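The values are calculated or read from the model by the stated rules, or taken from the named source; none is laboratory data. None of these values were measured; they are calculated from a predicted model. Neighbour counts are summed over all protein chains in view; Cβ atoms, including those assigned to glycine, are modelled from backbone coordinates with ideal geometry.
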Amino acid sequence: MNGTNPGPLDNTPNPIKIPVSSAGSYMPPVIPSAPSGAAQPLGTNPAEQVPITGPVSAVEAILRQPRRVIFQLKQPNAGSVITSLLLIAVVCSLVYGVIVGTFSGGQQYWAAPVKIAAGLLISALICLPSLYIFSCLGGSQARLVEVFGLVAGLLTLMTILLIGFAPVAWVFSQSTKSLAAMGGLHLAFWLVATIFGVRFLHAGFSHLGTKSDGGMKVWVVIFVLVVLQMTTALRPIIGTADTFLPAAQDKKFFLSHWFDNLDADGGRSRKWKGDGN
Amino acid sequence: MNMRASDLALDVRQLSVLLRGEPGLISSWVRGWTMNRVLLYIAVIFVGAGCYGAAMGYWRDPLQAFYTGLKFPLVILLTTLGNGLLNGMLAPLLGLNIGFRQSLLVIFMSFTIAAAILGSFSPLMLFLVWNTPPVSALSGTVSVAYSFMQLATVVMIAFAGVMANVRLVPVLRELSGSSAVAHKVLFAWLAVNLLLGSQIIWILRPFIGNPAIPVEFLSVHAFEGNFFEAVFQAAQHLLFR
């Protein structure tokens, strides 16, 4: 292939040009960067303009066509899209909560789903105002409703992924007695789900004119800390206790709660080994 | 002074322009000074800083929440108005040729951004308070909780203050046409606002509310000593005790 004969790459919108140096020898070709999703304006693909009509359509869109969700959030019917996303997030978190509850059984069958669904929604509401302010500080033109829609999308994607992890979590919850191990496993699943959720959020803001993503990085840290603290504030979620929520004098920072549980779990493990001997 | 509801709604939407720090548009607002805009900024300062102050004071007592919710915006307003004349004189002396009202408006804009950021942090602060052991709990725990509250408050306020000033620089540059003048004016305003603001905070204390002292609007020792004297004494105590 040379500069005059057309090759297979000539059908591409940006054909590779082979520059010639002043000495007449060919220079290595400059490979054009692939068009990123953010560079292409929203709605240019007709598939993105197809309305999201209900929860099933919303699940498919957020997994396969996140740009379609972002485009629909900018349309006048954004309210129905947000409602669908929130509905999915609530249902999925309730289902995953039941799986979490199977570790302890009894009261936790209903307490864990309620706490997980409520905790996620409350955490999102607590962090929503700061996300809107951070988006404005980052130069975004996003309206509050669009930011709310992106947070709903974040929750939806997170909880859908948690449903994907649910069978694995159930198998482990039936085969281990270690509270710390189950806690660590659920935490790992939640972190993976959050990474994908944050990717959606980042894509959303890049389409809403954000010039700097420094504020969003700070916000992600705040959101993760709030959710982690929420799991401690609403404890027990995996294990059991005499009361539905901890008493006022038992309030703890989440790291302190984790270390206490690790110590208790280590103590139980040592006792079990001692009994065995 | 006749602010209609529609004007107010329009201006509230313009708050996002302030947060984005669009220098061209904001400079045109500074040149076209209106009382409505000042009233809007005062309202945002009262709501934003007030909500944050209330969340901060709620840890000590609901009454302390009310007091702090009132005092926190007052610190901003008293600092801005107390330094208004000085800031208005410093600006032209340092090369920024704007009037007294314009300089007041720019400083109000900066504090409005800070108040909006603090207002958005108020649910986070309330969540923090909800997760902190109450005053009625054991004294050792309270001491750690009190220190943590103070630290979190300082971090959030510092972030809001830094962001508000970062947003002010492009506006000052647009108004003066010089980056050096913008930085000189900003530094001078910051210095005098820090001087007066810290003393007003000292006089209007307590804000979080010390668990060892009953809830009060103003300390009985409000006008005794000053902020810098207290910092000097604390440093002296730390180094030469």
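Structure above, values below:
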quantity	calculated
Residue match in segment A:13-27 (condition: closer than 23 Å to A:R199 by Cα and either assigned to a loop (DSSP other than H, G, I, E, B) or at pLDDT 90 or above (or both))	no
Among the candidates A:S130, A:S123, A:S80, residue that is away from every other protein chain (no Cβ under 14 Å) and either assigned to a helix (DSSP H, G or I) or modelled with pLDDT under 90 (or both)	A:S80
Those residues of segment A:207-263 which are among the aromatic types (F, W, Y) and within 14 Å of chain B (Cβ to nearest Cβ), in sequence order	A:W219, A:F223, A:F253, A:F254
Scope segment A:207-231; condition in contact (Cβ under 8 Å) with a residue 12 or more places away in the chain and over 15 Å from A:L120 (Cα atoms); matching residues	A:H207, A:L208, A:G209, A:T210, A:K211, A:S212, A:D213, A:G214, A:G215, A:M216, A:V218, A:W219
Where a residue in segment A:68-85 is over 11 Å from A:G43 (Cα atoms) and its partner, wherever it lies, is in a loop (DSSP other than H, G, I, E, B), with Cβ under 7 Å and at least six apart	A:N77/A:P51; A:V81/A:I52; A:S84/A:I52; A:S84/A:G54
Identity of the residue in segment B:220-236, among the aliphatic types (A, V, I, L, M) and surrounded by 10 or more Cβ atoms within 10 Å (Cβ to Cβ), that ends up farthest from B:P206 (Cα to Cα)	B:A235
Answer residue from segment B:40-65, given it is more than 26 Å from B:I107 (Cα to Cα) and free of Cβ contacts under 8 Å to residues at least 40 places away in the same chain and is surrounded by the most Cβ atoms within 10 Å (Cβ to Cβ) among those	B:A65
The one condition in (1) assigned to a helix (DSSP H, G or I); (2) at pLDDT below 85; (3) more than 10 Å from chain A (Cβ to nearest Cβ); (4) surrounded by fewer than 19 Cβ atoms within 10 Å (Cβ to Cβ) that B:F148 fails to fulfil	(3)
Failed item, numbered, when B:G161 is tested on (1) in contact with a Pro (Cβ under 6 Å, 6 or more places away or on another chain); (2) within 14 Å of chain A (Cβ to nearest Cβ)	(1)
Hits in segment B:165-206 (condition: closer than 25 Å to B:V154 by Cα and not in a helix (DSSP H, G or I))	B:R205, B:P206
Of residues in segment B:116-133 being within 11 Å of B:Y52 (Cβ to Cβ) and polar (S, T, N, Q), the one farthest from the other protein chains (Cβ to nearest Cβ)	B:S122
Conditions (1) more than 18 Å from the chain's Cα centre (by Cα); (2) of a type in the set (A, V, I, L, M); (3) closer than 16 Å to A:T156 by Cβ: number failed by A:A61	(1)
Test: B:F217 is within 22 Å of the chain's Cα centre (by Cα), among the aromatic types (F, W, Y) and part of a helix (DSSP H, G or I)	no
